[in-house]
Amino acid sequence: MTRYIRIGLVLISIVWTIVNFIITIVTKAPLVNLLGLVGLVPLLTVLYQDIDWIFIKINKIRAWLSQKTVSFSVKHQIKINNFDDIQSLDKKVRAVFIKFNFKIDESKSPNRTHETIYYQIKNEQNLSFLITVSAMKLSEEQTNFILKVDYQIAYRDVKQKWEDFMHLERNIFSLYSRDEKNLSRFDISIDTSRANFNPFYRLTIRHLTNVRINKFNLVYSEDKLTVTSTLHKIQATSDSEIDIKKLIDEYVPLSKVL
């Protein structure tokens, strides 16, 4: 029996069970056969196992409801032409933070280097996170400009924090003119070890008898997007903002390797 025939028969059985139950209620039969509804459980289980869309949605809902904490790191780097010095960069970035109502905890901010400044931030929602701004000279004219943010947030907030990062990035990157080639790269990392989730993208792992998977590493490429997935972490790199947004929307957090 092929997978599609099995799914078709299951759907017919579910519809038939529901119709019979409704008929029983409408005709006011003396006894409602609840056993028929109980029979839906194994049928729905088959759909969960065989239809990817249902499998993905159920696991994303479970993760959304759990409110467990994940580590979300996002970085964007570009090439700029008119960089001045690290002190001037610090003043400009702090002006952007004032615009966003960010408060800097100077006592918890790591010491700066000659190329990198660290800011321990608290926003209006009292969320603390680390912002790193780097400017690495490649030549007299060109500088590699990097913005990175590290969050500790609930799974459900990852998508919103990606959007917040892009809003912040547009304001900070606008401080300097980009290189004419407009070279750009996004890097994200979602670490779910604290939540005990296993994040996957475009490939899900199903349960294999009683085998226990202790180590897993998948490298997946699609056009300019490269994804590396392990048991408790997913990392992605692309020069396209759209690619990263799509991954954040579509990756699947599993509470265990199924």
Next item on the list: Could you check how many residues of the range 142-160 are within 22 Å of Asn171 (Cα to Cα) and either surrounded by 15 or more Cβ atoms within 10 Å (Cβ to Cβ) or out of contact with any helix residue (DSSP H, G or I) (no Cβ under 7 Å at 6 or more places or on another chain) (or both)?
Entry: 13
Next item on the list: Answer yes if at least one residue in the range 156-171 is acidic (Asp, Glu), in contact (Cβ under 8 Å) with a residue 12 or more places away in the chain and in contact with a strand residue (DSSP E or B) (Cβ under 7 Å, 6 or more places away or on another chain), and no otherwise.
Entry: yes
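Where residues in the range 120-137 are assigned to a loop (DSSP other than H, G, I, E, B) and surrounded by 12 or more Cβ atoms within 10 Å (Cβ to Cβ), which of them is farthest from the chain's Cα centre (by Cα)? Break it down stepwise before answering.
Restricting attention to the range 120-137, the residues satisfying the condition of being assigned to a loop (DSSP other than H, G, I, E, B) are 123-127.
Imposing the further condition that a residue be surrounded by 12 or more Cβ atoms within 10 Å (Cβ to Cβ) reduces the set to 123, 127.
Working: Asn123: 21, Leu127: 18 Å.
Residue satisfying both the conditions and the ranking: Asn123.
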Notebook entry, point to check: Quick one: what pairs do we get from the range 217-241, first residue assigned by TED's automatic domain parsing to the domain that holds Ser73 and part of a loop (DSSP other than H, G, I, E, B), second modelled with pLDDT under 85 and buried (at least 17 other Cβ atoms within 10 Å of the Cβ), C-beta under 8 Å, 6+ apart or different chains?
Noted result: Leu231/Asn198; His232/Thr192; His232/Phe197; His232/Asn198; His232/Pro199
Checklist line | Every residue from the range 226-242 that is aliphatic (A, V, I, L, M) and under 26 Å from Thr69 (Cβ atoms) | finding: Val227, Leu231, Ile234, Ala236
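Can you tell me which residue in the range 138-155 is farthest from the chain's Cα centre (by Cα), limited to those that are closer than 28 Å to Asp85 by Cβ and part of a strand (DSSP E or B)? Working first, answer last.
Keep residues of the range 138-155 that are closer than 28 Å to Asp85 by Cβ, which gives 138-150.
Keeping just the survivors that are part of a strand (DSSP E or B) gives 143-150.
Details: Thr143: 29, Asn144: 26, Phe145: 24, Ile146: 20, Leu147: 18, Lys148: 16, Val149: 14, Asp150: 13 Å.
So the residue we want is Thr143.
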Next item on the list: Output the number of residues of the range 142-183 satisfying the condition of being under 20 Å from Asp90 (Cβ atoms) and of a type in the set (A, V, I, L, M).
Entry: 6
Margin query: Need the failing condition index for Leu47 against (1) modelled with pLDDT of 65 or more; (2) under 26 Å from the mean Cα position of the chain (by Cα); (3) not small (Gly, Ala, Ser), just the number.
Written below: (1)
Next item on the list: Could you grab me the full set of residues in the range 69-104 that are part of a loop (DSSP other than H, G, I, E, B) and either modelled with pLDDT of 95 or more or outside the structural domain of Glu141 (by TED's automatic domain parsing) (or both)?
Entry: Phe100, Asn101, Phe102
Note to self: Which of the numbered conditions does Val158 fail, given that it passes all the others? Conditions: (1) part of a strand (DSSP E or B); (2) within 20 Å of Ser240 (Cβ to Cβ).
What the structure shows: (1)
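The values are calculated or read from the model by the stated rules, or taken from the named source; none is laboratory data. Please read all numbers here as calculations on a predicted model, not as lab measurements. Backbone-built Cβ (ideal geometry, glycine too); neighbour counts: all protein chains shown.
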